[in-house]
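Trainee: I'd like to ask some things about the structure below.
The values are calculated or read from the model by the stated rules, or taken from the named source; none is laboratory data. Remember, predicted model here, so these are calculated numbers, not experimental data. Note that we place each Cβ from the backbone using ideal geometry, even for glycine, and neighbour counts take in every protein chain shown.
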Amino acid sequence: MEPPTIEEQLRLLSSGTLEVIGLEDLAAKLRQSAETHQPLIVKLGADPSAPDLHIGHAVVLRKLRQFQDLGHHVVFLIGDFTGRVGDPTLRSDSRRQLSAEEVAANAATYRQQVQRILDPEKTRLEFNSTWLAPLTFTEVLGLATHQTVARMLEREDFKLRFKENRPIYLHEFFYPLMQGYDSVALKADVELGGSDQRFNLLTARELMRDMGLAPEVVLLMPLLVGIDGHQKMSKSLGNQIGLEDPPETMFGKAMSIPDLAVPEYLQLATDLTPDQASALLEEHRAKRLSARDLKEAMAHALVRLCHGEPAAKAAELEFRRVFRDKGAPADLVAMKIPKSIDLSALLVSLQAAKSLSEARRLVGQGAVTLDGERLTGSEQLGPQTQGILRVGKHRFWKLG
C-alpha cells in the first residue's frame, strides 16, 4: 500500500483543528521527514493539576495518534515542574501552587490513561523538571530577557486582572517562558494544544527562533464542550466523561449529550476518520439516520476509542436493554432494607431524593416503580420487600 502523499497528510493532520500556525512549515517538515526518513518530534504537554484526564483531552490525543500512525515520534510531556506554578491561562486569579507530592500523585495516573489512545510503543514520556529544575538563577534571568511585561499584559487574563487591580504574581509571567523552554529542550517540530493555549504556544515559537532553532508548527484544537452542551468540559463543573470511566458509564454519559453537540463530539472525540464522521452527518441531514441513531453511533465510536470494539458493543447493548427495553442493569447488587420504612424515607436514605418533599414529588409524578408497578407512597417497605426499585429513567436498586 502506497504511503499517503504530503497533501493527504496535511489534509488529515489539519482536519478538526481551529488553526495551524505555520502550515507551509508543516508541509516542508513533512517533505523533509519523508526524504530523510527522520520522524518529526510532536509534542503535547499536560500539567498534572488533577489526577484524571477526560474526553476533552482526547481531542488532542487523537491528533497525536494520527501523527504516530504516519510514523512520527510523539512526546507526551508531563509538566511536573510547570504544574507546581500553574497555568494562568483563562484564570481570573492566581492558581494555588501544588506541592511536589500532589503533582507526583496526579502525574502517576497520566501514563496509563494516555495509553488508551496513544500507541505506548511509539510514545515517549518526559517530565519537564528534567531540564527546568537544574536551571541556575543566571539562566532564568537570561530566559526572562526574551519577553516583555507589555507583551505579557496583552494576554486577556492578565489584561483583565490588571484593569481590575487584581494581583498578578511574577512567577505567573514565567509560565509561558517555561512552557516555551520545554519546546527548546525537546527540539520539537510540532506542538499541539487547546485554543486557550495560543499565547503560550506562540511564546514557544518566538523563544525557539531567538535560540537559533526552527520554530515549531502549532496545531490549535477546539475545546470540547461538556455533556451539558454549554461549558468547556471540566471535572470541576461535573460535565466530563473520564478516560477511565467504565464503558457503560461512558456510553450513558455520551447519550445524555444535547443533540446540537453531537456533530462536535462525532468529529473530535471518536475514532472515526473525518470522511466517516462527515458521511454519518450527511446520512442524518438526509433523514436516513435518526437523531437517536446518530447519537448511538457517536457514543459507540467514543467508547471504542478508549476501550475497544467489544467493550463498545457490550455497552451499547446494555444501554439499549436498560433504556430502550426498560430493563434494569445486569450488575445490580442485591440489598436488604434493614427495617420497616415508608417509601419517601427510603428514597432519601438511598440518595434518590434530597429531601422528603422531593421524594413525595417523585412518587406523585409516578417516577417510582417496584418491578414495573407504580408505587403510591402508602406502601410500608422492609426486609421482606423484593424486586427492582426504579426511580426515574436511570436509577435502579435491587431489593431483597
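Trainee: Applying the selection to region 258-307, what residues are among the small types (Gly, Ala, Ser) and farther than 23 Å from ASN239 by Cα?
Mentor: ALA277, SER278, ALA279, ALA286, SER290
Trainee: Separate question: Within region 197-248, take every residue that is basic (Lys, Arg) and within 25 Å of GLN147 (Cα to Cα) and give me the one that is surrounded by the fewest Cβ atoms within 10 Å (Cβ to Cβ).
Mentor: If we take residues in region 197-248 being basic (Lys, Arg) and within 25 Å of GLN147 (Cα to Cα), then ARG209 is surrounded by the fewest Cβ atoms within 10 Å (Cβ to Cβ).
Trainee: I'm trying to understand the selection: among the residues of region 151-206, which are modelled with pLDDT of 90 or more and β-branched (Val, Ile, Thr)?
Mentor: Across region 151-206, the qualifying residues are VAL184, VAL190, THR203.
Trainee: Among the residues that make up region 375-396, is at least one of them part of a helix (DSSP H, G or I) and modelled with pLDDT of 85 or more?
Mentor: no
Trainee: Here's something else I'd like to know. For region 201-210, check the following and say yes or no: at least one residue is of a type in the set (Gly, Ala, Ser) and within 26 Å of the chain's Cα centre (by Cα).
Mentor: Within region 201-210, one or more residues are of a type in the set (Gly, Ala, Ser) and within 26 Å of the chain's Cα centre (by Cα).
Trainee: Out of the residues in region 14-26 meeting the condition of being out of contact with any Leu (no Cβ under 6 Å at 6 or more places or on another chain) and under 21 Å from LEU213 (Cβ atoms), tell me which one is surrounded by the most Cβ atoms within 10 Å (Cβ to Cβ).
Mentor: Once the filter is applied, the top-ranked residue is LEU26.
Trainee: Another question about this same structure. Please find, within region 31-46, the residue that is surrounded by the fewest Cβ atoms within 10 Å (Cβ to Cβ) out of those that are touching a residue at least 24 places away in the same chain (Cβ under 8 Å) and over 24 Å from VAL114 (Cβ atoms).
Mentor: Filtering region 31-46 for residues that are touching a residue at least 24 places away in the same chain (Cβ under 8 Å) and over 24 Å from VAL114 (Cβ atoms), the one surrounded by the fewest Cβ atoms within 10 Å (Cβ to Cβ) comes out as ARG31.
Trainee: Let me ask something else about it. In region 4-23, is there at least one residue being under 30 Å from ALA108 (Cα atoms), under 30 Å from the mean Cα position of the chain (by Cα) and part of a loop (DSSP other than H, G, I, E, B)?
Mentor: The answer is yes, given that some residue of region 4-23 is under 30 Å from ALA108 (Cα atoms), under 30 Å from the mean Cα position of the chain (by Cα) and part of a loop (DSSP other than H, G, I, E, B).
Trainee: Could you say which residue among ALA291, ALA299, ALA261 is more than 20 Å from the chain's Cα centre (by Cα) and more than 18 Å from ARG395 (Cβ to Cβ)?
Mentor: Only one candidate qualifies: ALA291.
Trainee: Here's another thing I want to ask about it. For region 253-285, which residues satisfy the criterion of being more than 27 Å from SER14 (Cβ to Cβ) and of a type in the set (Gly, Ala, Ser)?
Mentor: Within region 253-285, SER256 is the sole residue that qualifies.
Trainee: Taking the stated definitions as given, is ALA254 farther than 21 Å from THR109 by Cβ and either assigned to a helix (DSSP H, G or I) or touching a residue at least 60 places away in the same chain (Cβ under 8 Å) (or both)?
Mentor: yes
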